[in-house]
Structure formats: structure tokens, C-alpha cells
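Asks: Attaching a single structure in C-alpha cells format; questions to follow.
Every number in this text was worked out from the coordinates using simple rules, so none of it is lab data. The shown structure was predicted, so the numbers you read here are calculated from the model rather than taken from an experiment. Reconstructed Cβ throughout: ideal geometry from the backbone, glycine too, with neighbour counts over all protein chains shown.
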Amino acid sequence: MAGKERLSPSSDNSREPGEPAPEASSRLICASADLTDGGDGVRFAFDRNGETVPAFAIRHRGRVYAYLNRCAHIAMELDWKPGNFFDTDREYLICSTHGALYAPESGACRGGPCRGAALTALNLFEADGKVYLKKD
Ligand code: FES
């Protein structure tokens, strides 16, 4: 499902009494099931120093990761179709403009014109079947 957008926060009663909800210090991005290994990513907006910038979440080898949707070569969004971030082998994130390749687990450049630069990583985690972005 390309171009999924984030979910609205919902209540959850699977925590211990008194345990703070993840929403208290984090922002809900999507359900865990929305991110399949090497599959489409989920795009979302990220507030960086008062500026709203595009970002995305993906799953790679079971873990979730998020990055600003901005290539390190030229500040352009990576996906060629909303939510399509992986190359055909589903091993690297690929920029649709000039083909820069990035390691999904770190955002580090692995080939192409990004030349040793990296994507900007965001702090993502899973809890209770949902994916959250940690607030700073
Ligand atoms: S803009 Fe991404 S590789 Fe050039």
C-alpha cells in the first residue's frame, strides 16, 4: 500500500497501571503491521525547528527506522512513488532522482552521488503493535 499516511492516536489498555502511554513522550506514526520488511514505507511530516519537513518510516530485517525524506546529494525526496523507498532487491534505500543508495539500518551512503554522506535519522520505536517517533 503505497503512500500510507500516519494514524491518529488511539487509546491502548495493554500497559501496567501507572505506566505512561507511549503517546506521552512520543508521536504515533502508524501501526506496526503497516511496515513490512523491505516493503512500502510510511510518509509523515516532521517538525524540525519549527519547519515542517517530509520524513518516512520503513522496516528492514525486522526493525523499524525513520529518516528525513531528503537525499544527501540534493535536497529532494527519495521516493519515486509515494512510499517506495527500497531498490528492487529490497536491500538499500534508493533515491529516485540519481540513484543514490543508502543503508536502511543507518542511512549511510552505500553508492551513487551521495558520496559518503547520510540520511538524517529519526528516533523510531515500536510498542503495543504501533510505531512511534520519540519526541526530543
Ligand atoms: S538527488 Fe538523490 S541522488 Fe541526486
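Asks: Filter segment 45-84 for residues that are within 12 Å of the ligand (Cβ to nearest atom) and surrounded by 17 or more Cβ atoms within 10 Å (Cβ to Cβ) and give the result.
Replies: ASN69, ARG70, CYS71, ALA72, HIS73, GLU77, LEU78, ASP79
Asks: Hey, another quick one. Quick one: would you say TYR67 is aromatic (Phe, Trp, Tyr) and free of Cβ contacts under 8 Å to residues at least 40 places away in the same chain?
Replies: For TYR67, the condition - aromatic (Phe, Trp, Tyr) and free of Cβ contacts under 8 Å to residues at least 40 places away in the same chain - is not met.
Asks: Starting from segment 71-82, take each residue that is aromatic (Phe, Trp, Tyr) and list its partners that are in a loop (DSSP other than H, G, I, E, B) and near the ligand (Cβ under 8 Å from one of its atoms), counting only C-beta distances under 6 angstrom and pairs at least six apart or across chains.
Replies: TRP80/SER96
Asks: Just give me the residues in segment 111-136 being buried (at least 16 other Cβ atoms within 10 Å of the Cβ) and either of a type in the set (Lys, Arg) or free of Cβ contacts under 8 Å to residues at least 12 places away in the same chain (or both), in sequence order.
Replies: The answer is LYS130, and nothing else.
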